[in-house]
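Student: Take a look at the following structure, please.
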Amino acid sequence: QGRSKPKRSCLLHVFWSAVPINAMCSCRALWLTLALFLPAAASESCDGDVSQMLQKSAVAKGAITRLPLDEFEQLAQKLLDLKGACRNATEDCLPLLRVVRSTVWPRVNLLTGLDNEPEVNAFRADVALARLRGRCQNFPHAMGFINVWKSGTDESIEKLKNISSSYHPMRNNATFCQMLDEVNPTQRSIVTFVEEPLGRFISGYAQMEVSSPYSDYWSERSERSERSSAARGFLEQFFSDGLPRNGQVRSQLEFLAPHELGCAKKFDFIGKVEEPKAFSEFLASRQCEDADHEAFQKRTTALELKASLNSSTAMTAMTSVLRANASSFLRAFCWLSLPDYVTFEYDLPSECLEDPDLREIMALTKSARAGRIDPSRVSMKPPVLLQVSAWGRKKKRKMKKTKAHLAARPRIFAGIPSAALYGERRMRWRKQWKCGDKLNAWGIPYKFIVGWPVDKSTNLTAHRQGYKATDSEVHKAELLRNESLTYKDLHFVNLPDTYLSLQSKTFALLDYGYSLGAEYVMKMDDDTCIKPHKLVEYLDAYEAKKRQGPKALYAGYYQFNGSEYKKMRGRDGAIHPYFAGPFYVLSKDLIRKIVQDDEMNSVLWARYGSTDEDAQTGRWVAFAEDQHKIHVDRIRMKHIMIWKNGKEINATNPMEF
């Protein structure tokens, strides 16, 4: 329509890059694409970028379609798995972050028109070791600080210095790890601070633009006076390669992921710079004395800091570019930054919440923070699917509603009976074998089940009013208390911590898991690990076969007939099959029979049972099966256990343990 030849060529280039191959096979589809695309593209000048024209055309013709419901759930679950892995600094953090990045990239590509997917790598953060002036729980306390760039860095460092007698910053992560390992784990904390991702990105850009006016990211594209063009060039570079050298704008999770030169240490506190009082509350929870709590409460908040910088031309230009073209760049940023928003529990910007897919994914992750997603219990608004007719008119179609019920319950709960004196074993289980990290990475909460400490010399049956605990028992109780406050993974039961109480602990474990609403409760020993992905595979396969009706599952890695050894028989001499004690799992319906319907039989076991917890569990299952005329599915789960030597347990010879 009178355009010059270069502009017609540009228009055709954009058109052919936007038409799918399969659409070209149909004349009708080709005409439809022309009818939808040309009105949007014709108003554009080819003096701009091709990606900008693609953005507007994609938005205009409704090219970005809704995700299917199952993909909502899969992505939300990946984000929850990532959250657990990164907050616990496990080796799964970086691989999961890459998986999520690849999952969301097609949506980013549609919104930006850029093809290259930015790489994800662990960013080597600045670190520091601070020794607090005051004591925490009556012991000296050291604080390891991981510095996430642009997340209130200067103020966070200054405030840490104010409450510390010494502050040692360093770039050598190996030295940092060595210094941490020299501190008793109960007398140290690992902390960091994060910031709302969008605000951090904009202020990070402004800092880079001001401090590096001749940076490669915009000097080749425009003069400094052309701020919008510079901001757009920066965004294109960001979506193309992630700006690997600039930690000011990279994902904050890349700072939390274990670095090859560093060490994997679970974070005890991840604070938001917008909520300064949270750190004071953390110090108070550690019972830290003489800590200058007010120093953290009198700081200038990040929101106030951003308000003071709003006059910055660079920030204004970046904000304008992000909101241009129906906020396509901003929505692309939100898709790319979903891991940060979910892990650190920030709300998406309002413009991004206008994207129904983003809104539903955030709703899923918020409703399922306590466990794995169950589609039947997820609160979902009926999503609106936008379609475009042959004449470009929009139609709305509502998808079928699902039941509105919040998923606040875990799918699987792991209980680990452990003796009060086994603190070192639990530490190896956490730190050396990383069993807890593996469970957390798969959204499986766990607790060590521990009773109150008692000396062997204490007579538990004597009638002694006013009995006082011994000094040894008091000391053991204090150690347990400190351990629980530090790791928050102990569940105490009101039982004397003796071997004879083991089957009572198992009953308490099942009862506690059932009270959490878990679909499955797993019992495992404190000197073994499991492969969570194998457990999930077994349960998924089981549920696929048992789609309807109650699920009475009793599974483990090795099943005894109950007649192999004389001690396997109960007091009544009866023989019942059971799964070996290092690992077994029961379903919710079966547990309800044991801990509620058959509570009297389970607790008053003297006439038929013994103190062997695994054999006793087999007797409870057999009683429920006979009493309630139910069928119990017994499944042997092979290749699922790992012992403390790191080798897979030989399922054909479990008695060696």
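The values are calculated or read from the model by the stated rules, or taken from the named source; none is laboratory data. The structure presented is a predicted model; accordingly, all values stated were derived computationally and were not measured. All Cβ positions, glycine included, derive from the backbone under ideal geometry; neighbour counts span all protein chains shown. To get the accessible areas, we keep the full protein, side chains included, count just its heavy atoms, and leave off ligands, DNA and RNA. Shrake-Rupley method; radii C 1.70, N 1.55, O 1.52, S 1.80 Å.
Student: Tell me, yes or no, whether the range 181-196 has at least one residue that is surrounded by fewer than 21 Cβ atoms within 10 Å (Cβ to Cβ), outside any strand (DSSP E or B), at pLDDT 80 or above and among the hydrophobic types (A, V, I, L, M, F, W, C).
Tutor: Yes, the range 181-196 contains a residue that is surrounded by fewer than 21 Cβ atoms within 10 Å (Cβ to Cβ), outside any strand (DSSP E or B), at pLDDT 80 or above and among the hydrophobic types (A, V, I, L, M, F, W, C).
Student: Also: Considering every residue within the range 580-587, establish whether at least one is over 12 Å from VAL521 (Cα atoms) and aromatic (Phe, Trp, Tyr).
Tutor: Of the range 580-587, the ones over 12 Å from VAL521 (Cα atoms) are 580-582.
Okay, now just the ones that are also aromatic (Phe, Trp, Tyr), so none.
Within the range 580-587, none of the residues are over 12 Å from VAL521 (Cα atoms) and aromatic (Phe, Trp, Tyr).
Student: Given the conditions (1) within 22 Å of PRO410 (Cβ to Cβ); (2) in a loop (DSSP other than H, G, I, E, B), report the number of the one that VAL595 does not fulfil.
Tutor: (2)
Student: Has the range 426-443 got at least one residue that is surrounded by 20 or more Cβ atoms within 10 Å (Cβ to Cβ), within 21 Å of the chain's Cα centre (by Cα) and in a strand (DSSP E or B)?
Tutor: no
Student: Next question, about the same structure. Considering only the range 617-625, I want to know if a residue exists there that is surrounded by 14 or more Cβ atoms within 10 Å (Cβ to Cβ), at pLDDT below 95 and either assigned to a loop (DSSP other than H, G, I, E, B) or among the small types (Gly, Ala, Ser) (or both).
Tutor: No, there is no match, as no residue in the range 617-625 is surrounded by 14 or more Cβ atoms within 10 Å (Cβ to Cβ), at pLDDT below 95 and either assigned to a loop (DSSP other than H, G, I, E, B) or among the small types (Gly, Ala, Ser) (or both).
Student: List the pairs whose first member sits in the range 610-621 and is of a type in the set (Asp, Glu), whose second member is open to solvent by 20 Å² or more (accessible area, probe 1.4 Å) and not in a helix (DSSP H, G or I), and whose Cβ atoms are under 9 Å apart, counting only residues at least 6 apart or on separate chains?
Tutor: ASP614/PRO582
Student: Taking the criterion of being surrounded by 15 or more Cβ atoms within 10 Å (Cβ to Cβ) and polar (S, T, N, Q), would at least one residue in the range 465-480 satisfy it?
Tutor: Looking through the range 465-480, none of the residues is surrounded by 15 or more Cβ atoms within 10 Å (Cβ to Cβ) and polar (S, T, N, Q).
Student: Mind checking whether some residue in the range 146-154 is touching a residue at least 40 places away in the same chain (Cβ under 8 Å) and either surrounded by fewer than 15 Cβ atoms within 10 Å (Cβ to Cβ) or in a strand (DSSP E or B) (or both)?
Tutor: Yes, the range 146-154 contains a residue that is touching a residue at least 40 places away in the same chain (Cβ under 8 Å) and either surrounded by fewer than 15 Cβ atoms within 10 Å (Cβ to Cβ) or in a strand (DSSP E or B) (or both).
Student: Quick one: how many residues across the range 481-492 are out of contact with any strand residue (DSSP E or B) (no Cβ under 6 Å at 6 or more places or on another chain) and either open to solvent by 40 Å² or more (accessible area, probe 1.4 Å) or more than 30 Å from ASP437 (Cβ to Cβ) (or both)?
Tutor: Qualifying residue count, the range 481-492: 3.
Student: Of all residues in the range 343-360, which are open to solvent by less than 10 Å² (accessible area, probe 1.4 Å) and in a helix (DSSP H, G or I)?
Tutor: Selection gives THR343, CYS352, ASP357, LEU358, GLU360.
Student: Could you grab the pairs with beta carbons closer than 9 Å, sequence gap of 6+ or different chains, first residue in the range 582-608 and farther than 12 Å from LEU510 by Cα, second one basic (Lys, Arg) and open to solvent by 70 Å² or more (accessible area, probe 1.4 Å)?
Tutor: Matching pairs, first to second residue: TRP605/ARG571; ALA606/ARG571; ARG607/ARG571; TYR608/ARG571.
Student: So the check is Cβ under 8 Å with 6+ separation or different chains; which pairs have a first residue in the range 483-496 that's closer than 23 Å to ALA142 by Cα and of a type in the set (S, T, N, Q) and a second one that's open to solvent by 20 Å² or more (accessible area, probe 1.4 Å) and modelled with pLDDT under 95?
Tutor: Listed pairs, sorted by first residue: THR486/PRO185; THR486/THR186; THR486/ASP268.
Student: Taking the range 53-73 on its own, how many of its residues are open to solvent by 20 Å² or more (accessible area, probe 1.4 Å) and either at pLDDT below 50 or closer than 29 Å to TRP433 by Cβ (or both)?
Tutor: Pass one, the range 53-73, residues open to solvent by 20 Å² or more (accessible area, probe 1.4 Å): 54, 56, 59-71, 73.
Okay, now just the ones that are also either at pLDDT below 50 or closer than 29 Å to TRP433 by Cβ (or both), so 54, 56, 59-63.
Counting residues in the range 53-73 that are open to solvent by 20 Å² or more (accessible area, probe 1.4 Å) and either at pLDDT below 50 or closer than 29 Å to TRP433 by Cβ (or both) gives 7.
Student: Any residue at all in the range 582-589 that's open to solvent by 30 Å² or more (accessible area, probe 1.4 Å) and outside any loop (DSSP other than H, G, I, E, B)?
Tutor: The answer is yes; a qualifying residue exists.
Student: Something else now. Could you list all residues from the range 485-528 that are more than 19 Å from PHE579 (Cα to Cα) and assigned to a strand (DSSP E or B)?
Tutor: LEU490, HIS491, PHE492, VAL493, ASN494, LEU495, PRO496
Student: Follow-up. Out of LEU495, LEU502, which single residue is closer than 24 Å to ARG592 by Cα, open to solvent by 20 Å² or more (accessible area, probe 1.4 Å), in contact with a Lys or Arg (Cβ under 9 Å, 6 or more places away or on another chain) and not basic (Lys, Arg)? Before you say what the answer is, go through the steps one by one.
Tutor: Values: LEU502 fails: in contact with a Lys or Arg (Cβ under 9 Å, 6 or more places away or on another chain).
Every option except LEU495 fails the conditions.
Student: Among (1) farther than 22 Å from MET568 by Cα; (2) under 33 Å from the mean Cα position of the chain (by Cα), there is one condition VAL585 misses while meeting the rest; what is its number?
Tutor: (1)
Student: Hey, can you tell me all the residues within the range 508-532 that are of a type in the set (Asp, Glu) and either closer than 25 Å to LYS638 by Cα or buried (at least 21 other Cβ atoms within 10 Å of the Cβ) (or both)? If you could, list the steps in order and put the result at the bottom.
Tutor: At the first step, the residues of the range 508-532 found to be of a type in the set (Asp, Glu) are 511, 519, 525-527.
Across the range 508-532, the qualifying residues are GLU519, ASP525, ASP526, ASP527.
Student: Here's something else I'd like to know. Taking only the range 155-166 into account, find how many residues are under 18 Å from LYS272 (Cβ atoms), of a type outside the set (D, E, K, R) and either open to solvent by less than 30 Å² (accessible area, probe 1.4 Å) or in contact (Cβ under 8 Å) with a residue 60 or more places away in the chain (or both). Let's see the steps before the verdict.
Tutor: Narrowing the range 155-166 to residues under 18 Å from LYS272 (Cβ atoms): 155-160.
Still in the running and of a type outside the set (D, E, K, R): 156-157, 160.
Next, from what is left, pick out any that are either open to solvent by less than 30 Å² (accessible area, probe 1.4 Å) or in contact (Cβ under 8 Å) with a residue 60 or more places away in the chain (or both): 156, 160.
Total meeting the criteria: 2.
Student: Just need a number here: residues in the range 529-549 that are among the basic types (Lys, Arg), in contact (Cβ under 8 Å) with a residue 60 or more places away in the chain and either closer than 13 Å to LEU439 by Cα or in a helix (DSSP H, G or I) (or both). Quick ask: steps written out before the conclusion?
Tutor: Of the residues in the range 529-549, the ones among the basic types (Lys, Arg) are 531, 534, 545-547.
The next check asks that each one be in contact (Cβ under 8 Å) with a residue 60 or more places away in the chain; those that pass are 531, 534, 546.
From what's left, either closer than 13 Å to LEU439 by Cα or in a helix (DSSP H, G or I) (or both): 531, 534.
Qualifying residue count for the region: 2.
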